[in-house]
1. Residues in the stretch 280-304 that are within 25 Å of residue 336 (Cβ to Cβ) and buried (at least 20 other Cβ atoms within 10 Å of the Cβ): how many?
2. So which residues in the stretch 186-236 are closer than 21 Å to residue 283 by Cα, within 22 Å of the chain's Cα centre (by Cα) and not in a helix (DSSP H, G or I)?
3. Residues in the stretch 323-331: is at least one within 15 Å of the chain's Cα centre (by Cα) and touching a residue at least 40 places away in the same chain (Cβ under 8 Å)?
4. Among what's in the stretch 305-316 and is buried (at least 23 other Cβ atoms within 10 Å of the Cβ) and small (Gly, Ala, Ser), pick the residue that is farthest from residue 147 (Cα to Cα).
5. For the stretch 88-125, give me the residue count where each residue is of a type in the set (S, T, N, Q) and over 21 Å from residue 62 (Cβ atoms).
6. Cβ-Cβ under 9 Å, sequence separation 6+ or interchain: first residue in the stretch 75-99 and of a type in the set (Phe, Trp, Tyr), partner buried (at least 24 other Cβ atoms within 10 Å of the Cβ) and in a strand (DSSP E or B). Which pairs?
7. With the condition kept exactly as written, say whether any residue in the stretch 374-390 is under 25 Å from residue 149 (Cα atoms), under 22 Å from the mean Cα position of the chain (by Cα) and of a type in the set (D, E, K, R).
Amino acid sequence: MIPWGGVGGWRSDRALRLPLPVGLRIPDSPRPVSWFYRNVARPVLFAQDSECIHDRTLRALARVSQCRTLCRAISGWLDVPPLPVRCLGLDFPNPVGLAAGMDKGAVAVPAWEALGFGFSELGGVTLHAQPGNPQPRLFRAPAEAALINRMGFNNPGAATLATRLAEWHARGLWPRHPVGVNLGKSKSTPLGDAASDYAGSFRQLWDLADFFVVNVSSPNTPNLRQLQDRGALDEILAAMQSVNEELAARPGCGGPKPILVKVAPDLSYEALDDVVSLVRPRRLAGLVATNTTLARPSTHDPVAQIVYRETGGLSGSPLAARSTGVVRHLFKQLRGAVPIIGVGGITSVDDAWEKVTAGASLVQVYSALVYEGPGLPAELVAGMRERLGGARWSEVVGSEAR
């Protein structure tokens, strides 16, 4: 989850007015915010409970989000370069997004744009509010740059989320970048009623977000991944598209909302192909690859060995190769027909660029924010912009998978 005790960024060393530990020197760099986070802030934060830091940071970002001037100042300090991408029928200022799970309650919506993200995905949210699984439920493996979580869709429910989104809209604080909502199934809803559960959340939130992601791949809700089976997923998508058509038919609504499906990295390629087979008949706008994994890599680090015994989904660097493999497979199967959002193990420009050349039109980060800090979006965008050179974005997407 999000790790920082606060936010901030600097465009020059002279702007940093904090005492530093003896022996530490800020390097000559236009973005010392990342250096400061890794060398000064992170060791302090990692001495504290992961979820506690997450909650404290969200509270700080919620306060920042209330002030338009402060958001503009942070945006100016971080100075993220433009890298516009047209995707899902939407305009993205850059292709680096905030993954679902960071802001489940939509308490800091304006702050994500201020931090330089080209889009944000809120949630996961369920039709009914729920507390999630018992704590502790979030664990770090620092040597592996990995996290394990078993949060269990803790969220305030679709109705409360709708109220908060409406308030951001009404106050004129809605971000200029696209905002998506990740939809999950309520734990109390039987699998047989999943379609109505997803459709109910979708109906309440339809007017308030730019795109929606159907999450049937979280490992932390009992039996949820069974909904990735073709028949069950088809029923969910049919119910949601029925709502989509109904609401889009109202005057001035501007057409149906893009619906995407988020898949698990643990699915076989045959099971992924079942999901692909629904793209055309259910008019899916895209796919998100991937969620967290139940697999555990081998490690010689004693702390990681202990953490890996915890139940839950693994995210972070160990997920990178498998996630990229799924992106590549989906791109080949779809032949570029719909966009893929690549997420899983992106900690550097190399990781992000690998996802893009494998077939991702957009990328998202989650666990890397814990390890790299709030300067990460700027670093990723600047690095990919440099690598792009004079090429068009569409020429690079999937260039290693064609």
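The values are calculated or read from the model by the stated rules, or taken from the named source; none is laboratory data. Given the structure is predicted, the values throughout are model-derived calculations rather than measurements. Ideal geometry is used to build each Cβ from the backbone, glycine not excepted, and the neighbour counts take in all protein chains shown.
1. From the stretch 280-304, those within 25 Å of residue 336 (Cβ to Cβ) are 280-291; that's our starting set.
Checking the rest, the ones that are also buried (at least 20 other Cβ atoms within 10 Å of the Cβ) come to 284-291.
Matching residues across the stretch 280-304 total 8.
2. 209, 210, 211, 212, 213, 214, 215, 216, 217
3. Filtering the stretch 323-331 down to residues within 15 Å of the chain's Cα centre (by Cα) leaves 323.
Imposing the further condition that a residue be touching a residue at least 40 places away in the same chain (Cβ under 8 Å) reduces the set to 323.
Scanning the stretch 323-331 turns up at least one residue that is within 15 Å of the chain's Cα centre (by Cα) and touching a residue at least 40 places away in the same chain (Cβ under 8 Å).
4. Only one residue fits best here, namely 313.
5. Number of matching residues: 1.
6. 92/119; 92/362
7. Keep residues of the stretch 374-390 that are under 25 Å from residue 149 (Cα atoms), which gives 374-377, 380.
Then keep just the ones that are under 22 Å from the mean Cα position of the chain (by Cα); that gives 374-377, 380.
Subset that is of a type in the set (D, E, K, R): none.
Checked against the condition, which is being under 25 Å from residue 149 (Cα atoms), under 22 Å from the mean Cα position of the chain (by Cα) and of a type in the set (D, E, K, R), the stretch 374-390 yields no hits at all.
Residue-wise test of (1) farther than 30 Å from residue 67 by Cβ; (2) in a helix (DSSP H, G or I); (3) modelled with pLDDT under 95.
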| site | (1), (2), (3) |
| --- | --- |
| 101 | no, no, no |
| 106 | no, no, no |
| 127 | yes, no, no |
| 135 | yes, no, no |
| 139 | yes, no, no |
| 160 | no, yes, no |
